[in-house]
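What follows is a set of notes on a single structure, which appears directly below.
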Amino acid sequence: GDTVRIFYRAAPYAGKFMLSGVGTAAAPIRVCGVRGPAGQRPVVEGRDAVSRRGLAYGHPLHESRSLVVIKPLASSPTAWTDVPAHLQIDGLELRGAQPDHTFTDSHGVVQRYAAFGACVWIERGHHISLVDNHIHDCSNGVFSKSTDDGDFAVTRDLRIAHNQIEGNG
């Protein structure tokens, strides 16, 4: 049931993030924007963004494909079957995760974004909500993956509501 609030400021936040936790229906894990005085959303910028040093993304593609990724932590002993769940991202402007831009990865190396990626990449998860965001200037706006490896590998109950998704691809 944790909530992370990202407050509006004139300068964009140049940081990538990953959600790997498990909330509950009554207490989801939220990353939410707090609007500025004129209603401006806080901006999370992919261009020149920096990943948290040492974050356990796992395969390098998981890091190069997105500004925001929802997936299990690769360092978890049960990472293969872990399922992030009851997550919500709302009130943000997410932009700039596309191959013309670079970022600094979790090892401190400057990389280009992969050609096939998204502002929000959902590797797997259950009960995920993306609400009231402006998502643009990425290879794809939102990408959700499921495989036939078992229930844990199927993204389900994905709610995308009241977003402005434009200028991707």
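The modelled label-to-label distance for the pair Val154/His59, using points 7 Å beyond Cα in the direction of Cβ, is 2.1 nm.
Excluding the site residues themselves, the longest part of the chain lacking any chymotrypsin sites (Phe, Trp or Tyr not before Pro) in a DSSP loop with at most 16 other Cβ atoms within 10 Å is 1-79.
Roughly how big is segment 41-169's charge dipole about its Cα centre, with Cβ charges of +1 (Lys, Arg) and -1 (Asp, Glu), in debye to the nearest 20?
Working: 12 positive and 16 negative charges, 35 e Å.
Roughly 180 debye for segment 41-169.
Entry note, the chain: the mean residue ellipticity at 222 nm calculated from DSSP H runs of n ≥ 4, each adding -39500 (n - 2.57), is -500 deg cm²/dmol after division by the residues and rounding to the nearest 500.
If Lys and Arg each add +1 and Asp and Glu each add -1, what is the summed charge of the other residues whose beta carbon sits under 9 Å from the beta carbon of Cys119? Taking every Cβ under 9 Å from that of Cys119, the sum is 0. Of the solvent-accessible surface of segment 66-134, computed with a 1.4 Å probe and all protein chains present, 54% belongs to carbon and sulfur.
Treating only the Cβ of Lys, Arg, Asp and Glu as charged (+1, +1, -1, -1), what charge dipole size does segment 52-119 show about its Cα centre? Round to the nearest 20 debye.
The calculated dipole for segment 52-119 is roughly 140 debye.
The residues neighbouring Glu45, those whose beta-carbon lies less than 15 Å from its own, together hold a net charge of +1 under the Lys/Arg +1, Asp/Glu -1 convention. In the context of the full protein assembly, Arg124 retains an accessible surface of approximately 20 Å², using a probe radius of 1.4 Å and ignoring ligands and nucleic acids.
Set the Förster radius R0 to 25 Å, insert the Cβ-Cβ distance between Thr102 and His136 as r into 1/(1 + (r/R0)^6), and round the FRET efficiency to 0.05.
Working: r = 18 Å, r/R0 = 0.74.
Plugging the Cβ-Cβ distance into 1/(1 + (r/R0)^6) gives 0.85.
Spacing of the modelled spin labels on Val50 and Thr81, each 7 Å from Cα toward Cβ, amounts to 3.9 nm. Only one of the values (1) 11.7; (2) 19.2; (3) 9.5 was calculated from this structure for mean projected area of the Cα convex hull in nm²; name its label. Only one listed value fits the structure, namely (3). Cysteines in the chain lacking any other cysteine Cβ under 4.7 Å from their own Cβ: Cys32.
Based on the alpha-carbon gyration tensor of segment 97-169 and its eigenvalue square roots a ≥ b ≥ c, which shape applies: rounded if a/c is under 1.5, prolate if not and a/b is larger than b/c, or oblate? Walk me through the intermediate numbers first.
Details: a/c = 2.28, a/b = 1.29, b/c = 1.76.
It comes out oblate by the Cα gyration axes.
The values are calculated or read from the model by the stated rules, or taken from the named source; none is laboratory data. Since the model is a prediction, treat every value here as computed from it, not as a measurement. Every residue, glycine among them, receives a Cβ derived from its backbone with ideal geometry; neighbour counts consider all protein chains shown. Protein only, heavy atoms only, side chains kept; ligands, DNA and RNA dropped before computing areas. Shrake-Rupley method; radii C 1.70, N 1.55, O 1.52, S 1.80 Å.
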